[in-house]
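Here's the structure, in structure tokens; my notes come after.
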């Protein structure tokens, strides 16, 4: 797997537009307000992400002119739409995350929605990723702490993967699993740097993203880091039609699935607490009743979506069990 070129530093945004004769900007309003005065030149087109529904992004792609580059500026949605436009137009993709809240910045796939359900399409790795420390550190720390969610998900995803292998449904790779689990240990050992969004913490999280995506690429799927915790987050989004900070919704899923798996729930919860990752419903932006509904319908969702085998295929979540889980999640 070829790594994207990642450039760390300060004032990187001020120089990027000078490299290209023409470029498109894909962004959302808050990050664009922060950086538009620093770009120095007017883009051929500026697209603000409204939704990741496939029908809308396909129309946007048709309306985009051919340019030398696409600048994806913002969080995961802006980077993903930037990947899609660059993939469709053949332009270079420069990813400029203003927060590092998900691993989308170093992956090839684009998470689109069809009727509110997640679909992965495309094949475009950023050509360059500009990590401008001042820009990222200017964002609320919560938004960057959320980036730990796509590493902590390894904890519950590995359990699901192993479970599927024991049912002879999938091949399990002990080496990849061991290396993936080690990424959580590294994250835990540097929880203060991640929590405080220091330069060292930013560098570490980017390196963990790269290692995680390389391990997934080596295996041939996202199985080492995506399991029932992600499925819960997807179902929650589908049911509520709300847009969540990805890492926080995944963190909520990690808490719940670690308890359902009886998979060291206290240890992984403590790590989320150390990092300062929001995972409780009120912080994530959902109500306890919405979480209960997502749990109650999760088996139906994974079966309809034909998602990989996980703990959800094994257990029967009664109303009483769900109530106790959500009560535990919401307490404290």
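Summary table
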read-out: Checking residue 239 against (1) at pLDDT 95 or above; (2) surrounded by fewer than 24 Cβ atoms within 10 Å (Cβ to Cβ); (3) closer than 19 Å to residue 76 by Cα, the condition it does not meet; value: (3)
read-out: Residue ID - surrounded by the fewest Cβ atoms within 10 Å (Cβ to Cβ), chosen from residues in the stretch 312-323 that are touching a helix residue (DSSP H, G or I) at 6+ places or on another chain (Cβ under 9 Å) and assigned to a helix (DSSP H, G or I); value: 319
read-out: Contacts under 6 angstrom Cβ, first residue in the stretch 113-141 being modelled with pLDDT of 90 or more, partner assigned to a loop (DSSP other than H, G, I, E, B) and surrounded by fewer than 15 Cβ atoms within 10 Å (Cβ to Cβ), 6 or more apart; value: 133/10; 134/10
read-out: Filter result for residue 150 (touching a residue at least 12 places away in the same chain (Cβ under 8 Å) and closer than 21 Å to residue 268 by Cβ); value: yes
read-out: Residue 154 under 14 Å from the mean Cα position of the chain (by Cα), crowded, with 19+ Cβ neighbours inside 10 Å and at pLDDT below 95; value: no
read-out: Selected residue (criterion: surrounded by the most Cβ atoms within 10 Å (Cβ to Cβ)) from residues of the stretch 216-233 that are modelled with pLDDT under 95 and in a helix (DSSP H, G or I); value: 216
read-out: Selected residue [crowded, with 18+ Cβ neighbours inside 10 Å and either part of a helix (DSSP H, G or I) or assigned by TED's automatic domain parsing to the domain that holds residue 250 (or both)] from 61, 111, 78, 95; value: 78
read-out: The stretch 114-130 - residue that is part of a loop (DSSP other than H, G, I, E, B) and over 20 Å from residue 100 (Cα atoms) and, of those, farthest from the chain's Cα centre (by Cα); value: 115
read-out: Output for the stretch 249-267, where each listed residue is crowded, with 24+ Cβ neighbours inside 10 Å and farther than 21 Å from residue 299 by Cα; value: none
read-out: Any hit, the stretch 31-41, residues being touching a strand residue (DSSP E or B) at 6+ places or on another chain (Cβ under 6 Å), assigned by TED's automatic domain parsing to the domain that holds residue 105 and surrounded by fewer than 19 Cβ atoms within 10 Å (Cβ to Cβ); value: no
read-out: Residues of the stretch 1-43 that turn out to be closer than 15 Å to residue 132 by Cβ, assigned to a loop (DSSP other than H, G, I, E, B) and in contact (Cβ under 8 Å) with a residue 60 or more places away in the chain, as a count; value: 3
read-out: Hits in the stretch 5-30 (condition: buried (at least 19 other Cβ atoms within 10 Å of the Cβ) and either outside the structural domain of residue 109 (by TED's automatic domain parsing) or closer than 14 Å to residue 81 by Cα (or both)); value: 24, 25, 26, 27
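Rundown of residues vs (1) under 24 Å from residue 141 (Cα atoms); (2) without any contact (Cβ under 8 Å) to a residue 60 or more places away in the chain; (3) touching a helix residue (DSSP H, G or I) at 6+ places or on another chain (Cβ under 9 Å), yes/no style:
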site	(1), (2), (3)
194	yes, no, yes
228	no, no, yes
249	yes, no, yes
253	yes, no, yes
257	no, no, yes
271	yes, no, yes
275	yes, no, yes
285	yes, yes, yes
298	no, no, yes
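The values are calculated or read from the model by the stated rules, or taken from the named source; none is laboratory data. Quick caveat, the model's predicted, so the values are computed rather than measured. Neighbour counts run over all protein chains shown; Cβ positions are idealised from the backbone, glycine included.
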